[in-house]
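Structure record follows, encoded as structure tokens.
The values are calculated or read from the model by the stated rules, or taken from the named source; none is laboratory data. It should be emphasised that the depicted structure is a prediction, and the values quoted were computed from it without experimental measurement. Please note: Cβ atoms are built from the backbone with ideal geometry, for glycine as well, and neighbour counts cover all protein chains shown. Accessible surface is based on the protein model in full, side chains and every heavy atom, while ligands, DNA and RNA are left aside. Shrake-Rupley method; radii C 1.70, N 1.55, O 1.52, S 1.80 Å.
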Amino acid sequence: MSNLLRTFENEVQLAALAFMGLVYALRLVWIFRFRVGRERTVAVGREGAGTGYSLMNIAMPWAMESTRTHPGRYLEFVVLHLGIAAAIAASFIIPYGPGLFETAWVRGIFRAFIAAAGLAGLARLARRLTNPVLREISSPDDYFSLVFLIVWLAAGVLALPDRPAAGEGPLLAFFGLTAFLLVYVPFSKIGHYLYYPFSRIYLGRTLGHRGAWPPAAAKSAGAGPARKGAA
Amino acid sequence: MSRRTKSPSGVIDAPLDVAAQAKAREEGRPSVRDGRLKTYEPGANVGRFLELLGRRVSRPLAVSLTACVHCGRCAESCHYFLARPDDPTMTPVWKADQIRKIFKRHVDWTGRVAPWWAKAGTPDGDEDLNRLKNVVFGACSACRRCTFNCPMGVDTALLVRFTRGLLTELGIVPEGVFNVSRDQWETGNQMAVTETDFLETIEWMRDDLRAELGPGADIPVDRPDCDILYTINPREIKFDPRSIAHAARIFHAAGASWTLPKWGWDQTNFGLFSGDDALGAYVSRNLYEAAERLRARRIVISECGHGYRSTRWEGYTWSGYDQKLPTESIVAVLRRYLEEGRIVVDPGRNLEPVTFHDSCNIARSGDLVEEPRQVLRRVCADFREMHPNRQENFCCTGGGGLLAMAEYRPLRLEAGKVKAEQLKATEAALVCTMCHNCIDGLGDVIKHYHLPMRVVQVLELVSRALVLPAGS
Amino acid sequence: MPIIESEGLRIEVNEEGFLAHPEEWTEEMAKVLAKAEEGLDELTPEHWAVVRFIRGYYAEKSLAPMVRKMCQATGFPLMKIYDLFPSGPAKGACKVAGLPKPDGCV
Ligand code: HEM
Ligand code: SF4
Ligand code: SF4
């Protein structure tokens, strides 16, 4: 393995990670500088239950009409994100646990996930480019993030045989792109996973407090048992 | 979705009408004179808007502004988009982006450095602020259906209300919003009902009630130490006091100890619609203080969606008043009376098929979903659900204060298409709702789409089914 | 603004069907509005009693009267107003009487 590749797999990645960590820390400070009001009402439901429901919503495709009525698009989202997770994992496994990729079927599974994610990304890109509604709401960052992600995932598929001896090009490309991803992400829409817990927690807490989330099952006929503070 | 409507809706170009504002200034109306109600001054509005935006944005708003991934999942949850499927400006995400891009340009990072990359931008003068007004007031009923359908948890309806609040500070509001805010600031109620009018209408209802139920029946006003402080919508006083009579009959049958307050009786709150937290605080505080003054043991809110949300939930936050008393809807009280056997009903008196329309503010921003159904199943012979329902119900079209904004009515009724389809599919003769706004919103949809239905409230159906003890 | 055309009249109304220029109201217009907005083929003396009262009250105070005042002046019970004007006192009776749309959620 060349020194260049070794540096790309180690020092460059660590530097990029450190940079991302720093920017994220600043971003968190930025978020926490916005004030948040105090709840003054007596709760009907439980904030914890509402927050949990809100956070887990992403894993409950039946919970929202928007996912329930479009199972295909939900699947696409899952495939895309699983592949992303696999590619990120691969960027650690290659330098730090290469033993794992010596097993052919493990490598195969990772490649399959990453490739499927790339295809899901392509499908989304096609839709973003052709659907007039999506086009109207898309920014250059939206397009770039998706195109970049697809290229990065493709590099992951090519790099995954993890055989530097057969040519270091794919590995260099994959690690180079990974480093760029880490640096670019906090400034782009891809940073959404940093905000996800916040947006979800605030919404879930409010609606949990009010007893709106988790939604009461359509249950009782008749007047039913008292559910809320009788008097 | 087959209909093709290529042209964007015209609402975005609705002009800013400041005639009523000018008149109020000329007349030296107190709310304008002392600055509680802002009027439009041409000039430095963009700067002021940006300053307010930076100062007021809270953490839940900031993350709703940053978290959106522009996936478009929310589009089909919006009744405006469903009626105009080829018009991107009807999607929740497009509407939210109109404030989001300003936030990105001035508060967020990437948009400040490279605005075009993140589609960030600054309003270009008052024209643009007026267009923003038409988006957030004219093309959204703040129904929160999109919020419930966003995988990222982006609260678009909250962003809309926030933006409305910024524009209200500049007087860049529809005329109706200005007029109703003015009345509520100056008279403590939305319809400028005077105390005499209030008392005389109550007296009238009281006389009618006694004619029916005997001299023991009453509609008390300002009676101290009651169990229930009953608060109402000014519409009930001004135009439709039947609902007060219904409530009084039921309270009488249940032997309840209750009173209306002479001041602080308006449970509606235009601050929720205009985004003006100060107005929201003023109105709700009047009511909480009335309960304290009269030493009532609980606050009960008549059937009203935004009034319920404002008085039960948001009002305490706006007014910085810690909740001390149970605060609940009359429908929750009715459910309890039925369950405890305090009132007896005969569903045979409501034989027409009845369906229920969930008010957005109650089902999605509140907590009452099963209670009205439990009541209706007891008082109606044929209760049937509308689909989708509960937290997934569609807006009556009149939410967000839109009934007070005549200029947006054509688009509002066009957006009522999905509501009309929902109503029609139930084949019910009556659609019941626990909201005064929804009565008029649904009434408009029924008339516009020629549906053979009538709107009723829960109180009316319960009152009709009420079996009074012999001799009363 | 939309225009209602009937009986040789051109009536300008706002988006909600309320008269655009309340001061131009005539009894002929009332008949056309009643037909177009309330589906009333004919205005009976009882309708006219309500409409004339609203008109007079508005001329004096530039304000829509409360429904109580309508009942007091005409001697009709509350339900009668709803029988006469299906859309109720505000969107029905006041509209036929040519008043501008009342403020608030109606
Ligand atoms: C907690 C972790 C994460 C959550 C909850 C999350 C959630 C989401 C959601 C809900 C969407 C919209 C999906 C849809 O349209 O159906 C989305 C889109 C997207 N996500 Fe994530 N995500 C996460 C992590 C990541 C990561 C780590 C990446 C990349 C490194 C990523 C890249 C993307 C991209 C590029 C899109 C946009 C796809 C498009 O433009 O159509 N996400 N994410
Ligand atoms: S569903 Fe949520 S994240 Fe997606 S475009 Fe709409 S608001 Fe943005
Ligand atoms: S709040 Fe309701 S009306 Fe407004 S954008 Fe969302 S779904 Fe549409």
### Query
What number, in percent, do you get for the relative contact order of chain B if the mean sequence gap of Cα pairs under 8 Å and at least 6 apart is divided by its residue count?
15 percent
### Summary
The simple spin-label model distance between B:Ala211 and A:Tyr193, using points 7 Å out along Cα→Cβ, in nm, is 7.2 nm
## Note on the structure
Computed over chain A: longest principal axis from alpha-carbon atoms vs helix A:169-184 long axis, angle to nearest 10 degrees, is 40 degrees
#### Entry: Cβ-based charge dipole, the protein assembly as shown, positive-most Cα from A:Val42, C:Ala36, B:Val160
A:Val42
#### Entry: Net lengthening on full extension, A:Phe180/A:Arg68 (0.36 nm per residue, minus Cα-Cα)
36.8 nm
### Query
So for A:Glu76, A:Glu39, what's the accessible-area order with a 1.4 Å probe, most first?
A:Glu39, A:Glu76
### Message
Buried by at least 30 Å² relative to the chain on its own: which residues of segment B:362-376 qualify, computing accessible area with a 1.4 Å probe on protein heavy atoms?
### Response
B:Asp367, B:Glu370, B:Glu371, B:Gln374
#### Entry: D (Stokes-Einstein, µm²/s), Kirkwood Cα radius, segment A:71-217, 0.692 mPa s at 37 °C
191 µm²/s
### Summary
Note: the protein assembly as shown at 37 °C, 0.692 mPa s; Kirkwood Rh on alpha carbon pairs; Stokes-Einstein D in µm²/s works out to 115 µm²/s
## Note on the structure
Computed for the protein assembly as shown: size of charge dipole around the Cα centre, +1 on C-beta of each Lys and Arg, -1 on C-beta of each Asp and Glu, debye to nearest 20, value 2340 debye
### Task
Kindly report, to the nearest 10 Å², the accessible surface of B:Cys78 as traced by a 1.4 Å probe over protein heavy atoms only.
10 Å²
### Message
Given R₀ = 51 Å, what would the calculated FRET efficiency be for B:Asp322 paired with A:Glu11, taking r from the Cβ atoms and rounding to 0.05?
### Response
0.35
### Message
I need the calculated FRET efficiency for the pair B:Arg295 and B:Trp263, taking r as the beta carbon distance and R₀ as 25 Å, to the nearest 0.05.
### Response
0.95
### Query
Expressed as a whole number of Å, what is the distance separating the alpha-carbon centroids of segment B:360-380 and segment B:267-310?
20 Å
### Message
In square angstrom and rounded to 100, what buried accessible area do you get between chains B and A, total over both, with the probe at 1.4 Å?
### Response
6200 Å²
### Query
What is the average number of partner chain Cβ atoms found within 10 Å of a Cβ in B:303-315?
1
### Query
What spacing in nm lies between the two simple spin-label points modelled at C:Lys61 and A:Arg40, each 7 Å away from Cα in the Cβ direction?
3.5 nm
### Query
Top to bottom by accessible area (1.4 Å), largest first, where do B:Thr187, A:Thr130, B:Thr196 land?
A:Thr130, B:Thr196, B:Thr187
#### Entry: Cα gyration tensor of chain B - equivalent ellipsoid semi-axes, whole Å, descending
39, 26, 19
### Message
Explain nothing, just compute: Karplus ³J(HN,Hα) = 6.51 cos²θ - 1.76 cosθ + 1.60, θ = phi - 60°, for every residue of segment A:108-120 in order, whole Hz, x for Gly and Pro.
### Response
x, 4, 4, 4, 5, 4, 5, 5, 4, 4, x, 5, 4
### In Hz, Karplus ³J(HN,Hα) per residue of segment B:264-269 (6.51, -1.76, 1.60; θ = phi - 60°; x = Gly, Pro)
x, 8, 7, 8, 7, 7
### Query
Roughly speaking, to the nearest percent, how much of the protein assembly as shown's 1.4 Å accessible area is carbon and sulfur?
59 percent
### Task
Please list, in chain and number order, the residues 5+ apart from B:Leu260 or on another chain whose amide H is under 5 Å from its amide H, with Hs placed from the backbone.
B:Val221, B:Asp222, B:Arg223, B:Tyr230
### Message
Using a probe radius of 1.4 Å on heavy atoms only, what accessible surface per residue do you get for the protein assembly as shown? Whole Å² is fine.
### Response
38 Å²
### Query
Measuring from a point 7 Å past the Cα of B:Arg349 along Cα-to-C-beta, which residues in segment B:435-472 have an amide N at less than 15 Å?
B:457-472
#### Entry: chain B: angle of helix B:417-426 to the longest principal axis, Cα-based, in degrees nearest 10
30 degrees
### Heavy-atom accessible area order for A:Phe32, B:Phe394, largest first, 1.4 Å probe
A:Phe32, B:Phe394
### Relative contact order (percent, whole number), segment A:1-151, Cα cutoff 8 Å, 6+ residue spacing
18 percent
### Query
Using a 4.7 Å Cβ cut-off, which Cys residues in chain B lack a partner cysteine?
B:Cys68, B:Cys71, B:Cys78, B:Cys140, B:Cys150, B:Cys226, B:Cys304, B:Cys380, B:Cys432
### Task
Could you work out how far the C-alpha centroid of segment A:19-77 sits from that of segment B:424-461, in angstrom?
35 Å
### Task
Hey, for a label at B:Ser58 modelled as a point 7 Å past Cα toward Cβ, could you say which residues of segment B:155-193 have their backbone N under 17 Å away?
B:155-167
### Task
Provide the buried accessible surface between chains B and C in square angstrom, both chains summed, 1.4 Å probe, rounded to the nearest 100.
2400 Å²
### Summary
Result row for chain C, helices from DSSP H with C-alpha axial extent 20 Å or more and mean Kyte hydropathy at least 0.5, is none
### Query
Hey, what do the phi angles of segment A:33-42 turn into as Karplus ³J(HN,Hα) couplings, whole Hz, using 6.51/-1.76/1.60 and θ = phi - 60°, x for Gly and Pro?
6, 6, 7, 9, x, 9, 7, 10, 9, 7
#### Entry: Given charges at Cβ of Lys, Arg, Asp, Glu: the protein assembly as shown dipole, positive-most of C:Leu19, B:Phe198, B:Ser365
B:Ser365
## Note on the structure
For B:Arg342, placing the label point 7 angstrom along Cα-to-beta-carbon and taking segment B:432-472, residues whose amide nitrogen sits under 12 Å are none
### Message
Given an 8 Å cut-off on Cα distances and at least 6 residues of separation, report the relative contact order of segment B:223-303 as a percent.
### Response
48 percent
